[in-house]
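Notes follow the structure.
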Amino acid sequence: MALPVARSLCLCRRGAKRLGVAAAEARRGISFKLEEKTAHSSLLLFKGDTGVKYGMVGLEPTKLALNVERFREWAVVLADTAVTSGRHYWEVTVKRSQQFRIGVADVDMSRDSCIGVDDRSWVFTYAQRRWHTMLANEKAPVEGMGQPEKVGLLLEYEAQKLSLVDVSRIAVVHTLQTDFRGPVVPAFALWDGELLTHSGLEVPEGL
């Protein structure tokens, strides 16, 4: 039975809309919050656990719930959502911070270590107004990126890549080759100021 033209057009539009939504969902990266139980005692979470700020004194360790997930020596916090496949993109707003690290880490990395120091985390570090990659305590300079207000990270799990993105140009500044062997989570460390995360974003076109 033939459908009226108007109804056929309406069904086509609905189908195209559903396909468009499905395509957008496929491009959307992970949505995460920062996991308080992993946060070092010098770090405070805010804005619904999407931001982290450094406190010189921080929280009294004796007032924190005792658990093996918390970082004990370094000002590190991990996200609550692991990645095992796909391409994912998130952004970080930097507020009054001159020394921080952003990247990903194995979910079970040592809580006595710091991201970038061991070989199970892959990070971009900003300190002394310069960017570097950092893996197993080895640094390499990153050119073409100034003092940030907001930066992006693109994680490509199967391709074993983590890229630093200039959000003002939507362009990859530097790509770090990784060695993922299992689930990884977004990871953050800072020693002043604040970081605010923005997740659940689509991978920008062209990346």
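Before moving on, here are some points about what is shown:
- In plain terms, the bigger the Kirkwood radius, the slower the diffusion; for the stretch 142-193, with that radius from Cα pairs, at 25 °C and 0.890 mPa s, Stokes-Einstein puts D at 197 µm²/s.
- Counting only protein heavy atoms and a 1.4 Å probe, the stretch 87-133 has 39 square angstrom of accessible area per residue.
- Per-residue HN-Hα couplings for the stretch 29-39 [Karplus 6.51, -1.76, 1.60; θ = phi - 60°; Hz; x = Gly/Pro]: x, 5, 10, 9, 10, 7, 9, 4, 5, 9, 6
- Approximate spin-label separation residue 138-residue 158, in nm, with each point projected 7 Å along Cα-to-Cβ: 2.8
- In this structure the amide hydrogen of residue 131, modeled in the peptide plane, comes within under 5 Å of the amide hydrogens of 142, none closer than 5 places in sequence on its chain.
- Mean separation of Cα contacts under 8 Å, 6 or more apart, over the residue count of the stretch 36-201: relative contact order %: 31
- Three-way shape call for the stretch 81-142 based on the alpha-carbon gyration tensor, with the a/c threshold at 1.5: oblate
- Integer Hz, Karplus 6.51/-1.76/1.60 couplings in order for the stretch 43-50, x for Gly and Pro: 10, 10, 8, 8, 6, x, 6, 9
- Gyration tensor analysis over the Cα atoms of the stretch 79-207 returns equivalent ellipsoid semi-axes of 19, 18, 14 Å (largest first, whole Å).
- In terms of packing, defined here as the mean over residues of other Cβ atoms within 10 angstrom, the peptides 181-190, 124-133 line up highest first as 181-190, 124-133.
- 3J(HN,Hα) couplings calculated from phi for the stretch 76-91 with the Karplus curve 6.51 cos²θ - 1.76 cosθ + 1.60 (θ = phi - 60°) are, in sequence order, 10, 9, 10, 7, 9, 10, 8, 10, 10, 6, x, 10, 9, 9, 9, 10 Hz; Gly and Pro show x.
- DSSP-assigned coil residues among GluC sites (Glu not before Pro) in the stretch 139-200, each with at most 13 further Cβ atoms within 10 Å: 143, 149, 158
The values are calculated or read from the model by the stated rules, or taken from the named source; none is laboratory data. Nothing here was measured: the structure is a model prediction, and the numbers come from that model. Glycine also receives a Cβ, built like all others from the backbone with ideal geometry; neighbour counts cover every protein chain displayed. Heads up: the accessible areas ignore ligands, DNA and RNA and are worked out on the full protein's heavy atoms, side chains in. Shrake-Rupley method; radii C 1.70, N 1.55, O 1.52, S 1.80 Å.
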